[in-house]
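Asker: What follows is a structure written as structure tokens; I'll ask about it next.
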Amino acid sequence: MKSNSSKPRSRSGWLVGVVLFLLAVGTGGSWLIAGSPSVTEMAAAARKTTNEDSTSATRSSAQLQPRQSGITTLRDSNADARTEAAATNNPQAQLALWTQRLQRAEEVLDNYRNNTKYPFESRPAREHADQMYPNRPVREEGKLTNPGQKPAEGIRIRTSQERVYVAGEETVLFTVNAVDMEGNALPLQVTRAFAHDPPLDGKPSQRNAVTMPFNDDGANGDQTASDTVWSARLAPATQGFAGHAGTIRIELNLKVNEQTGFAFFDIFYTPDPPAVWVGGSAGAREAVVAGSLNFYLKAQVRDPGRYVITGRIDDAKGQPFALISFNDELSAGTKEIKLNLFGKLLVDEKPAFPLTLRDVDGFLLKENATPDRALMPRLPGKVLVSRVYPLTVFSEAEWDSEERARYLAEYGRDVESARAHLEHVRKTLQGG
């Protein structure tokens with residue numbers, strides 16, 4: 001029914017297997033939070049975007065690359081050269097050409113400035129709708145099928161799992177049920193179910209499969225007996241995976257009436273978290289610093305390295321407001337981790353206070369390794385409710401860095417160069 005990959009599957013928009021957590025910039029843009037991009041990388045990636053639609057002011061120019069005024073991407077350079085050649089002896093065509101180039105340069109500058117006014121680590125929730133509820137069950141629906149065979153007609157299989165990323169003593173509940181094309185329940189049997197570490201890079205599994213007790217008897221995580229929904233709960237730490245770091249696959253053989261099929265779930269497991277929270281939500285605090293609202297969490301770091309920590313902010317009405325993150329090196333020992341809610345984001349968006357920090361998760365990035373991360377235990381639900389602040393305590397200043405300032409200056413020079421060319425053409429037309 002689903003591809004048989006050896007990596008955890010992407011079971012919702014916020015997950016990309018064993019890849020890094022995602023952050024988005026602008027309308028629909030995204031970057032990898034682990035190793036947050038420099039302005040250079042953002043610029044290089046989005047030069048293409050503006051040239052594909054130079055009239056759209058809503059495109060994310062946080063990714064644009066400085067260029068000489070009026071110069072397009074390599075893909076468009078030949079066409080642009082032909083346009084310029086055709087306009088060489090035609091002042092009116094020159095006027096149109098440089099008017100367009102000035103407009104394009106101004107759009108690049110304005111869009112870049114607008115989409116980088118907040119730092120990478122403090123972004124509006126609307127840019128990350130798929131990441132705002134990481135602890136909701138992951139639900140899927142597909143056809144009943146066996147690998148290499150045609151799907152059974154008129155049968156749909158619905159599955160759910162509590163989470164994909166699991167650390168330490170955490171457990172995961174899985175469910176499966178069958179329905180017809182109108183959504184009516186069908187009689188389902190799980191004839192076989194087991195958990196194992198799938199083959200990786202051609203190497204066989206390293207441990208024996210563990211039987212998974214899927215049932216519809218109201219036991220082992222099954223909420224309601226005889227409701228046609230079969231369930232089982234996996235506790236990796238106590239069910240044979242205590243020393244396993246990486247993917248665990250749960251495979252099911254299914255039977256609906258006389259039709260058979262196959263389904264599976266993947267989770268990504270860290271048996272020994274590289275860092276643990278100290279005091280949980282009780283160890284959290286807040287402070288207004290340099291015109292921004294900072295949230296601080298204590299962690300006991302066992303393994304030093306680069307950590308990526310992500311938290312979600314809701315306003316007083318319970319509406320998602322921001323995604324905030326930490327992405328930096330931590331040494332061993334007790335550390336206080338800062339999650340910054342940028343001042344200008346608060347001033348611009350005017351959320352209703354108090355704000356709630358919730359659903360914090362994190363991992364240690366392990367470069368050039370498989371798996372590429374070691375998970376920290378999550379802090380699910382409400383972590384800290386802020387005090388009520390007047391917006392006047394927060395700064396209206398845009399985020400700044402050496403790279404951002406440099407790129408804004410280069411984009412500004414693009415604008416001035418195009419404007420100078422356009423003024424020259426206008427004077428030529430006026431006979432000046």
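The values are calculated or read from the model by the stated rules, or taken from the named source; none is laboratory data. These numbers were taken from a predicted model, which means no experiment stands behind them. Using ideal geometry, Cβ is built from the backbone for each residue, glycine included, and neighbour counts are taken over all protein chains shown. Accessible surface areas use protein heavy atoms only, side chains included; no ligands, DNA or RNA. Shrake-Rupley method; radii C 1.70, N 1.55, O 1.52, S 1.80 Å.
Asker: Within region 134-153, count every residue that is closer than 17 Å to Arg358 by Cβ and out of contact with any Asp or Glu (no Cβ under 7 Å at 6 or more places or on another chain).
Answerer: Number of matching residues: 1.
Asker: Now for a separate question. Looking at this structure, is Ala374 at pLDDT 95 or above, open to solvent by less than 30 Å² (accessible area, probe 1.4 Å) and among the small types (Gly, Ala, Ser)?
Answerer: Yes: the conditions hold for Ala374.
Asker: Next up: What are the pairs with Cβ atoms under 8 angstrom where one residue, in region 96-124, is open to solvent by 60 Å² or more (accessible area, probe 1.4 Å) and the other, located anywhere, is at pLDDT 95 or above and of a type in the set (Val, Ile, Thr)? Sequence gap at least six, or different chains.
Answerer: Glu106/Val415
Asker: Out of Glu398, Glu403, which single residue is part of a loop (DSSP other than H, G, I, E, B), of a type outside the set (S, T, N, Q), in contact with a helix residue (DSSP H, G or I) (Cβ under 7 Å, 6 or more places away or on another chain) and in contact (Cβ under 8 Å) with a residue 24 or more places away in the chain?
Answerer: Glu398
Asker: Of the conditions (1) touching a Pro at 6+ places or on another chain (Cβ under 8 Å); (2) surrounded by fewer than 19 Cβ atoms within 10 Å (Cβ to Cβ), Gln223 satisfies every one except a single condition; which number is it?
Answerer: The number of the failed condition is (1).
Quick grid of which residues meet (1) modelled with pLDDT of 95 or more; (2) touching a Lys or Arg at 6+ places or on another chain (Cβ under 8 Å); (3) open to solvent by 50 Å² or more (accessible area, probe 1.4 Å); (4) of a type in the set (Ser, Thr, Tyr):
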{"position": "Glu127", "(1), (2), (3), (4)": "yes, no, no, no"}
{"position": "Arg139", "(1), (2), (3), (4)": "yes, yes, yes, no"}
{"position": "Leu144", "(1), (2), (3), (4)": "yes, yes, no, no"}
{"position": "Pro147", "(1), (2), (3), (4)": "no, no, yes, no"}
{"position": "Lys150", "(1), (2), (3), (4)": "no, no, yes, no"}
{"position": "Gly154", "(1), (2), (3), (4)": "yes, no, no, no"}
{"position": "Arg158", "(1), (2), (3), (4)": "yes, yes, yes, no"}
{"position": "Gln161", "(1), (2), (3), (4)": "yes, yes, no, no"}
{"position": "Leu173", "(1), (2), (3), (4)": "yes, yes, no, no"}
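Asker: For Leu254, only one of the following conditions fails: (1) of a type in the set (A, V, I, L, M, F, W, C); (2) in a loop (DSSP other than H, G, I, E, B); (3) within 30 Å of Thr228 (Cβ to Cβ). What is its number?
Answerer: Just one mismatch for Leu254, condition (2).
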